[in-house]
Amino acid sequence: AFVSLRQVLDHAAENGYGVPAFNVNNLEQILAIMEAAQETDSPVILQASAGARKYAGEAYLRHLMLAAVETHPDIPVVVHQDHGTSAAVCQQSIRSGFTSVMMDGSLMGDGKTPASYDYNVDITQRVCQMAHPIGVSVEGELGCLGSLETGEAGEEDGIGAEGKLSHDMLLTDPLQARDFVQRTGVDALAIAIGTSHGAYKFTRKPTGDILAMDRIAAIHAQIPNTHLVMHGSSSVPQEWLAIIRQFGGDIKETYGVPVEEIQRGIQSGVRKINIDTDIRLSMTGAMRQVFAQQPSEFDPRKALVAAKNAARGIVKARFEAFGCAGQA
Ligand code: G3H
Ligand code: 13P
Ligand code: NA
Ligand code: ZN
């Protein structure tokens, strides 16, 4: 059944676990997530970005989500809009049946220019006023995602600040978070602690100076009833990087957010963990392997099934590691 983000994350908070939120664009990704959820009895958050809507089209995405719920009636499914850059985008998603929206007011409508605090409060508050009366949850964001090593947001296309970010903007301030939640009423808050979108997050395995996990407890202490969200939380598995490279891919040395760090984050109040890149890497690795090892194969389903199975492995491992398995 479709449920709101608030319902799923309230249960997660009461029972001390975290829920991975996976970005989806197509059939194989949705199949992978639903199969893993069924296997592990986990609640699901499917999230679609503006890029996903552009790729698949709103109607196809909507009907894929409907198919997921029809096929797995016992699994709770949140349909979440990732990184809305305007109130109009959020309104459109609510109309098309999303049960949760992210109003990312940390950036202006272009998805690139860092916004003022007042702009963020105002636009997020307006989205809450539109969403809450009809039972739709709202995620806000305070602070800008980006690397504490370079001051850069990382992502070249899509969502991510352009230019250098100051140290201040890269770390969410706990007291400002309290004011933000009081004034907006968001259900969930994405925080900045040094993670960024995409495969290139850290030049080395992250330590406390470049991944500020200690902030989480300080923020949680100020807003205990607001669910904290970690974006840019792919772990960038070295095994998949090795497979991509082995079969002709070119990915430079890079590190993600270790699963153990996310587990620490969950203990400090993180309830939603956004993951896109890990699914992309595993699917790309699996498809490269099929094409390289079976050069005469021309049925695309062979590669797509391998990709789906690879994604399912990642998803299942995250459900288990975050304590989500058995909670549906
Ligand atoms: O917000 C970042 C997600 O990874 C979505 O990426 O805009 O390429 O769909 P996308
Ligand atoms: P990754 O790029 O680390 O998978 O993060 C995805 C994300 O935060 C989507 O909002
Ligand atoms: Na989101
Ligand atoms: Zn994100």
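The values are calculated or read from the model by the stated rules, or taken from the named source; none is laboratory data. Just so it is clear, the structure is predicted and the values come from calculations on it, not from any experiment. Counting neighbours? That spans all protein chains shown, and the Cβs are built from the backbone with ideal geometry, glycine included.
With the requirement that a residue be surrounded by fewer than 22 Cβ atoms within 10 Å (Cβ to Cβ) and within 16 Å of ligand 3 (Cβ to nearest atom), what does the stretch 24-42 give you?
Selection gives Asn25 alone.
If I ask for residues that are more than 15 Å from ligand 1 (Cβ to nearest atom), without any contact (Cβ under 8 Å) to a residue 60 or more places away in the chain and farther than 22 Å from Ala310 by Cβ, which ones from the stretch 36-64 would you list?
Ala59, Arg62, His63 - these are the residues of the stretch 36-64 that are more than 15 Å from ligand 1 (Cβ to nearest atom), without any contact (Cβ under 8 Å) to a residue 60 or more places away in the chain and farther than 22 Å from Ala310 by Cβ.
May I ask you to list the residues in the stretch 156-172 that are within 21 Å of the chain's Cα centre (by Cα) and under 25 Å from Asp122 (Cβ atoms)?
Let us first name the residues in the stretch 156-172 that are within 21 Å of the chain's Cα centre (by Cα), namely 156-162, 169-172.
Listed by number, the residues that qualify are Gly158, Ile159, Gly160, Ala161, Glu162, Met169, Leu170, Leu171, Thr172.
Checking the condition among the β-branched types (Val, Ile, Thr) and touching a Cys at 6+ places or on another chain (Cβ under 7 Å), which residue from Val69, Val101, Val77, Val89 passes?
Val101
Scan (1) over 15 Å from Glu152 (Cβ atoms); (2) within 16 Å of ligand 4 (Cβ to nearest atom) for the single condition Gly232 breaks and write down its number.
With (1) over 15 Å from Glu152 (Cβ atoms); (2) within 16 Å of ligand 4 (Cβ to nearest atom) applied to Gly232, the lone miss is (1).
Taking Leu145 as meeting all but one of (1) free of Cβ contacts under 8 Å to residues at least 40 places away in the same chain; (2) outside any helix (DSSP H, G or I), write down the number of the exception.
Going through the list (1) free of Cβ contacts under 8 Å to residues at least 40 places away in the same chain; (2) outside any helix (DSSP H, G or I), Leu145 breaks only (1).
Would you point out the residue of the stretch 252-271, among those that are hydrophobic (A, V, I, L, M, F, W, C) and farther than 15 Å from Gly194 by Cβ, that is surrounded by the fewest Cβ atoms within 10 Å (Cβ to Cβ)?
Across the stretch 252-271, the extreme among qualifying residues is Val259.
With the checklist (1) away from ligand 4 (no atom under 16 Å from the Cβ); (2) farther than 22 Å from Gln7 by Cα; (3) in contact (Cβ under 8 Å) with a residue 24 or more places away in the chain in hand, flag the one item Asp118 doesn't pass.
Of (1) away from ligand 4 (no atom under 16 Å from the Cβ); (2) farther than 22 Å from Gln7 by Cα; (3) in contact (Cβ under 8 Å) with a residue 24 or more places away in the chain, only one is false for Asp118: (3).
Looking at the stretch 25-61, which of its residues are in a loop (DSSP other than H, G, I, E, B) and within 21 Å of Val259 (Cβ to Cβ)?
Asp41, Ser42, Pro43
From the residues in the stretch 131-156 that are among the hydrophobic types (A, V, I, L, M, F, W, C) and closer than 22 Å to Lys205 by Cα, which one is farthest from ligand 1 (Cβ to nearest atom)?
Taking the stretch 131-156 and keeping what is among the hydrophobic types (A, V, I, L, M, F, W, C), we get 131, 134, 136, 138, 142, 144-145, 148, 153.
Checking which are closer than 22 Å to Lys205 by Cα leaves us with 144-145, 148, 153.
Values: Cys144: 13, Leu145: 9, Leu148: 19, Ala153: 11 Å.
Of everything passing the filter in the stretch 131-156, Leu148 is farthest from ligand 1 (Cβ to nearest atom).
Looking at the structure I just gave you, is Met213 in contact with a Lys or Arg (Cβ under 9 Å, 6 or more places away or on another chain) and either of a type in the set (Gly, Ala, Ser) or within 16 Å of ligand 1 (Cβ to nearest atom) (or both)? Before you say what the answer is, go through the steps one by one.
Working: in contact with a Lys or Arg (Cβ under 9 Å, 6 or more places away or on another chain): yes; either of a type in the set (Gly, Ala, Ser) or within 16 Å of ligand 1 (Cβ to nearest atom) (or both): no.
No; evaluated as a whole, the condition is false for this residue.
Does Gln176 satisfy being farther than 25 Å from Arg264 by Cα and in a helix (DSSP H, G or I)?
no
Only one of these is aliphatic (A, V, I, L, M), away from ligand 1 (no atom under 16 Å from the Cβ) and under 22 Å from Ser234 (Cβ atoms): Ile159, Ile219, Ile223, Ile191. Name it.
That would be Ile219, the only listed residue that is aliphatic (A, V, I, L, M), away from ligand 1 (no atom under 16 Å from the Cβ) and under 22 Å from Ser234 (Cβ atoms).
Starting from the stretch 153-179, keep only residues that are within 16 Å of Thr195 (Cβ to Cβ), then list their pairs with residues that are modelled with pLDDT of 95 or more and of a type in the set (S, T, N, Q) whose Cβ atoms are within a distance under 6 Å, requiring at least 6 positions of separation or different chains.
Cβ pairs passing all conditions: Ala153/Ser196; Gly154/Ser196.
Only one of (1) closer than 30 Å to Asn309 by Cα; (2) within 16 Å of ligand 4 (Cβ to nearest atom) fails for Cys144. Which number is that?
(1)
Could you tell me whether Gln81 is assigned to a strand (DSSP E or B), within 18 Å of Cys324 (Cβ to Cβ) and within 15 Å of ligand 2 (Cβ to nearest atom)? Before you say what the answer is, go through the steps one by one.
Values: assigned to a strand (DSSP E or B): yes; within 18 Å of Cys324 (Cβ to Cβ): no; within 15 Å of ligand 2 (Cβ to nearest atom): yes.
Against the criterion (assigned to a strand (DSSP E or B), within 18 Å of Cys324 (Cβ to Cβ) and within 15 Å of ligand 2 (Cβ to nearest atom)), Gln81 does not qualify.
Any idea which residue in the stretch 159-185 is nearest to Ala131 (Cα to Cα), counting only those that are within 15 Å of ligand 4 (Cβ to nearest atom) and at pLDDT 95 or above?
Thr172
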